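Visitor: Structure provided below as structure tokens; questions to follow.
The values are calculated or read from the model by the stated rules, or taken from the named source; none is laboratory data. Predicted, not measured: the structure shown is a model, and the values here were computed from it. Every residue, glycine among them, receives a Cβ derived from its backbone with ideal geometry; neighbour counts consider all protein chains shown. All accessible areas refer to the heavy atoms of the entire protein, side chains included, with ligands and DNA or RNA removed. Shrake-Rupley method; radii C 1.70, N 1.55, O 1.52, S 1.80 Å.
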Amino acid sequence: MADHSHRMGAITRKTAVLAFGFVLLAALPGIAHLMDEPFLVSTFSRVLIYAMAAVSLDLILGYGGMVSFGHAAFFGVGAYVVGILAHHAAEGTTVLGLAGTNLAVVSWAAAVLVSAGVAAVIGALSLRTDGVHFIMITLAFAQMLFFLFVSLEPYGGDDGLMMMGRNDLFGIDLSDDMTFYYLCFIALMAFLLLTRRLVDSRFGMVIRGCKQNERRMRALGFPVYRYKLTAFVIAGAGAGLAGALSANHTEFVSPDFLHWTMSGDIMIIVILGGIGTLYGPVVGAVVFLMLEEFLPLAFDSVGLEGLKEHWRFLFGPILILVVLFARRGLFGLLAGREARDG
Amino acid sequence: MLLFLEQLLNGLQLGVFLFLVAAGLTLIFGIMGLINLAHGSLYMIGAFAAATVTNWTGSFLVGLLAALPITAAVGMAIEFVVMRRLYDRDHLDQVLATFGLILFFNELIAMIWGRPPLFMTVPDILNGTVEIIPGIPYPIYRVVIIGVGVLVALVLYGVIARTRVGMLIRAGSTHREMVGALGVNIRVLYTLLFGFGAIFAGLAGAMAGPLMSVQVGMGEGILILAFVVIVIGGIGSVRGALVGALLVGVVDTMGRAFLPTLLKTMLPPAEADGIGAGLSSMAIYLLMAVVLVWKPRGLFPAHG
Amino acid sequence: MADLILDVRHLHKAFGALAATDDLNLGVERGEVHALIGPNGAGKTTLIAQLAGELTPDDGTVTFDGRDITALPVHQRPHLGLARSFQITSVLMDFTSLDNVAMAVQARAGHSFRFWRRARAERALRVPAMDYLDRVGLGARAHVRVSALAHGERRQLELAMALALEPRLLLLDEPMAGMGPEETQRMVQVLKALKGEITMLLVEHDMDAVFALADRLTVLVYGKAIATGTPDAIRANPDVRRAYLGEEGGA
């Protein structure tokens, strides 16, 4: 099918949807200012960050068939690495013999590496099993890290850790919301390009094969464990980078970054947008976070103040309906049959 | 030594709780192949029902007895509306849909009772202590909990050893076709079984009321612990759930009680406290990791 | 001594009290088509699973081309030249036929830790894959999703994937299972064309197909190999007639 659309080279519905989405996100700060809603820029920075975490989950969930329910762990670890390094830089102290830093290049690279390392350990253990075991185990290990950070009193424990400001990226002023938005935008686009190439590469074909029929892949001679673990680590690294960006966005990290509901939210974003599509999770992040932002206001304005705080009361059943009746996700609805990769 | 025995009892008591929650979860998975995240919600509903009825009537026993049919009814209702559509779906769908149920129930409870915790007191007759081990006055209520847990384990053992349903469970039959061999309406049977599993969760929640605060979200923590129990014990195995629950209960309680002290003999006090707290909260997960390396399918892997 | 590519000695595998493989000996000579026949429950599937590495024998050895592979993991066997097809069609349903065979070509082409180039644009994978599809007569269906293929076509695809591994020994687990007479005839033709080029161990129920293809046969009953020989010798063997063909004592 991919061969086919490639050969045609014509503008398909999918490319049209993608182009439209790209332009919309690229022009968003301008649109926000025209609408006189400048806070939307910061809100959408969050959307892009969540999208990145969701795309990284889609890589293993949608393409590798690994139902990881602990993806927030890597997001949170990435965020904490940035927070902890900034904390030590502010205090002038060291951690494990290393000085703290506010330099984005160092701090974010560390976040990616540490998240990847954590993913390697959790993945190596969890991938010894599959199915329901895998779901429960990834959830449990994420919960373990949650409790670990809760118990780390030097880094604020339950209350989390404030940062003095955003990291320093080659002297660019990241405290400006517009600048920060475009940083997130570039990071997400780069990550999408990377994952797009990845899922179509030889490596990507192997993990997609594993999702469809692992036994067959083994009989063809692929050591599937190694390939799945590698994908798991790459996804962990991507979530770690998203976490690093998130810490910079809020200038704050707390155990909530690793809470299991965060893992649930990331998974919902993937499903809502369309699993196994890479672009779907971006759509999912936009819709999910906009619902979170505006559903309470909508309830308020139609006189249902009672539901304002309890928007999830409605969202729960919506999620169930999506799962039962709309498995293609929003991107599938928008882009049609070619949305999903085989 | 006395302190050690006391903590051992505390560990057993936590283990009993976990067994009650994990048993329902693993039964439902074993028979219907369903992973039900909303099992923790049933635990929460049991606690709220018990607390409310107890506060109305002034009788803990009435509260406890009321909680059981209420959770069973809620359990059967969600089976009827949502779960039966999920039996043939993959685990991802089951996880997501039951996650949706959690969101729904958490907000529903918050809308009815609010976010601040409810409190339940232990009834007077159970409010004393008893020396089951000479030299250790131990709260009667906690002894009762351990007793209830043993009773439930025996009932379950009886059901599994002596009934036709139990026979099918032992045979590891997860297929609906095989349950059809019973010659009864499977749909009704599944609804009833689901209610049966829900009762355990409700019972655990109702009994937890006086010991922990009754509040929104209380079910999720215990749910994840129950997952650890099931992973250790082997999914679908009730015996595994019992052994796993007691292991997790004891390791967690002992870890919290003694690890910091133990570390103080080796490290400076401040560091020992920090590391001790971190390590003891991770202890059961490390236990799970060890079991995984040793036996990836758990201690008592169920067939099929 | 004959030149054995596969040498199975004293193989034993039990499930509880049931011995599914019972002191089994089997030798496959290089270049031959060796058929494995036996009534249902004779242990054919268990044997194939042990040869492919999915089950570990309790006892005994499996030697492939002079190397002891008794405990070798599944995924390493194809790289030595031991490939299999599955009794119940086992392919990648969301991919096209060409994708499936290209995956097999890719499996042979070194490691797959290559993250950038589009695999579907690699001629080194697609061109050979297309050749194998043509060989099994599925070339015209190369760009069709497997989920849209007919049962017989999937069986052909299964064979093409096994061939793409360029095996020196091919384990064929009931390649004609579930096929109609015409499809079976076509599959026999395809396998005949491969004869002499690839050594095959063929498990098959269709006796016409077996006698049309096999150079030698081994008869399996209750986990034991009770006889090995040419088709004519097997037909004439009284033990086989008694145990397998169900003829009560002709003598």
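Residue-by-condition table, conditions (1) touching a helix residue (DSSP H, G or I) at 6+ places or on another chain (Cβ under 8 Å); (2) over 21 Å from A:LEU321 (Cα atoms); (3) in contact (Cβ under 8 Å) with a residue 12 or more places away in the chain:
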site	(1), (2), (3)
B:ALA51	yes, yes, yes
B:THR71	yes, yes, yes
B:PHE80	yes, no, yes
B:ASP93	yes, no, no
B:GLY100	yes, no, no
B:MET111	yes, yes, no
B:GLY114	no, yes, no
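Visitor: From the list A:VAL118, A:VAL106, A:VAL112, which residue is touching a residue at least 40 places away in the same chain (Cβ under 8 Å), over 30 Å from B:THR26 (Cα atoms) and within 22 Å of the chain's Cα centre (by Cα)? Walk me through it before giving the result.
Guide: Working: A:VAL118 fails: over 30 Å from B:THR26 (Cα atoms); A:VAL106 fails: touching a residue at least 40 places away in the same chain (Cβ under 8 Å).
None of the others qualify; the one that does is A:VAL112.
Visitor: I'd like to check something: does segment A:151-165 contain any residue that is open to solvent by less than 70 Å² (accessible area, probe 1.4 Å) and within 7 Å of another protein chain (Cβ to nearest Cβ)?
Guide: yes
Visitor: While we're looking at this one, here's another question. Has segment A:309-322 got at least one residue that is in a helix (DSSP H, G or I), β-branched (Val, Ile, Thr) and under 16 Å from the mean Cα position of the chain (by Cα)?
Guide: no
Conditions (1) surrounded by 24 or more Cβ atoms within 10 Å (Cβ to Cβ); (2) touching a helix residue (DSSP H, G or I) at 6+ places or on another chain (Cβ under 8 Å); (3) modelled with pLDDT of 95 or more, marked per residue:
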{"position": "A:GLY204", "(1), (2), (3)": "yes, yes, yes"}
{"position": "A:ARG208", "(1), (2), (3)": "yes, yes, yes"}
{"position": "A:PHE222", "(1), (2), (3)": "yes, yes, yes"}
{"position": "A:TYR227", "(1), (2), (3)": "no, yes, yes"}
{"position": "A:PHE232", "(1), (2), (3)": "yes, yes, yes"}
{"position": "A:ALA235", "(1), (2), (3)": "yes, yes, yes"}
{"position": "A:ALA239", "(1), (2), (3)": "yes, yes, yes"}
{"position": "A:SER246", "(1), (2), (3)": "yes, yes, yes"}
{"position": "A:GLU251", "(1), (2), (3)": "no, no, no"}
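Visitor: Right, here's the next one. Under the condition of being of a type outside the set (A, V, I, L, M) and more than 8 Å from chain C (Cβ to nearest Cβ), which residue from segment A:193-202 is surrounded by the most Cβ atoms within 10 Å (Cβ to Cβ)? Quick ask: steps written out before the conclusion?
Guide: Here is the first cut: in segment A:193-202, the ones of a type outside the set (A, V, I, L, M) are A:195-197, A:200-202.
Subset that is more than 8 Å from chain C (Cβ to nearest Cβ): A:195-196.
Working: A:THR195: 21, A:ARG196: 16.
Taking the candidates together, the pick is A:THR195.
Visitor: So, B:MET254, is that one of a type outside the set (D, E, K, R), buried (at least 21 other Cβ atoms within 10 Å of the Cβ) and either within 14 Å of chain A (Cβ to nearest Cβ) or in contact with a Phe, Trp or Tyr (Cβ under 9 Å, 6 or more places away or on another chain) (or both) or not?
Guide: Numbers: of a type outside the set (D, E, K, R): yes; buried (at least 21 other Cβ atoms within 10 Å of the Cβ): no; either within 14 Å of chain A (Cβ to nearest Cβ) or in contact with a Phe, Trp or Tyr (Cβ under 9 Å, 6 or more places away or on another chain) (or both): yes.
Here the answer is no, as B:MET254 does not meet what is asked.
Yes or no, residue by residue, for (1) open to solvent by less than 80 Å² (accessible area, probe 1.4 Å); (2) under 26 Å from B:LEU242 (Cα atoms); (3) among the aromatic types (Phe, Trp, Tyr); (4) more than 10 Å from every other protein chain (Cβ to nearest Cβ):
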site: B:ALA277; (1), (2), (3), (4): yes, no, no, no
site: B:ALA283; (1), (2), (3), (4): yes, yes, no, no
site: B:VAL293; (1), (2), (3), (4): no, yes, no, no
site: B:PRO296; (1), (2), (3), (4): yes, yes, no, no
site: B:LEU299; (1), (2), (3), (4): yes, yes, no, yes
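Visitor: Here's a follow-up. Counting only residues that are open to solvent by less than 10 Å² (accessible area, probe 1.4 Å) and not small (Gly, Ala, Ser), which one in segment B:38-64 is farthest from B:SER213 (Cα to Cα)?
Guide: By that ranking, first place goes to B:HIS39.
This table checks each residue for (1) outside any helix (DSSP H, G or I); (2) more than 23 Å from C:LEU4 (Cα to Cα); (3) touching a helix residue (DSSP H, G or I) at 6+ places or on another chain (Cβ under 6 Å).
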residue	(1), (2), (3)
C:ARG155	no, yes, no
C:PRO167	yes, no, no
C:GLU183	no, yes, yes
C:ALA209	no, yes, yes
C:ILE234	no, no, yes
C:ASP239	no, yes, no
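Visitor: Please determine, by comparing only the residues of segment C:99-113 that are over 20 Å from C:LEU133 (Cα atoms) and open to solvent by 10 Å² or more (accessible area, probe 1.4 Å), which one is nearest to the other protein chains (Cβ to nearest Cβ). If you could, list the steps in order and put the result at the bottom.
Guide: Going residue by residue through segment C:99-113, those that are over 20 Å from C:LEU133 (Cα atoms) are C:110-113.
Going one step further and asking which of them are open to solvent by 10 Å² or more (accessible area, probe 1.4 Å), we end up with C:110-111, C:113.
Working: C:GLY110: 10, C:HIS111: 9, C:PHE113: 6 Å.
Checking each candidate, the answer is C:PHE113.
Visitor: Can you report the number of residues in segment A:52-108 which are within 14 Å of chain B (Cβ to nearest Cβ) and assigned to a loop (DSSP other than H, G, I, E, B)?
Guide: Counting residues in segment A:52-108 that are within 14 Å of chain B (Cβ to nearest Cβ) and assigned to a loop (DSSP other than H, G, I, E, B) gives 9.
Table: residues versus (1) touching a residue at least 60 places away in the same chain (Cβ under 8 Å); (2) surrounded by 19 or more Cβ atoms within 10 Å (Cβ to Cβ).
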site: C:ILE48; (1), (2): yes, yes
site: C:ALA52; (1), (2): yes, yes
site: C:THR56; (1), (2): no, no
site: C:VAL62; (1), (2): no, yes
site: C:LEU72; (1), (2): no, no
site: C:ARG77; (1), (2): no, yes
site: C:PHE86; (1), (2): yes, yes
site: C:SER97; (1), (2): yes, yes
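Visitor: Also: Enumerate the helices (runs of 4 or more DSSP H) found wholly within segment A:171-260, keeping only those where 3 or more residues are more than 30 Å from C:GLY110 (Cα to Cα).
Guide: Details: elements: A:177-200, A:202-212, A:214-220, A:224-250.
So the answer is A:177-200, A:224-250.
Visitor: Collect the residues in segment B:109-121 that are facing chain A (nearest Cβ under 7 Å) and surrounded by fewer than 17 Cβ atoms within 10 Å (Cβ to Cβ), keeping them in residue-number order. Let's see the steps before the verdict.
Guide: Initial filter on segment B:109-121 (facing chain A (nearest Cβ under 7 Å)): B:110-111.
Listed by number, the list holds a single entry, B:MET111.
Visitor: Being open to solvent by 50 Å² or more (accessible area, probe 1.4 Å) and not hydrophobic (A, V, I, L, M, F, W, C) is the filter here, so list the residues in segment B:122-138 that pass it.
Guide: Selection gives B:ASP124, B:ASN127, B:THR129, B:GLU131, B:PRO134, B:PRO137.
Visitor: Would you confirm whether or not segment B:83-101 contains a residue that is away from every other protein chain (no Cβ under 14 Å) and open to solvent by 50 Å² or more (accessible area, probe 1.4 Å)?
Guide: For segment B:83-101, residues away from every other protein chain (no Cβ under 14 Å) and open to solvent by 50 Å² or more (accessible area, probe 1.4 Å): absent.
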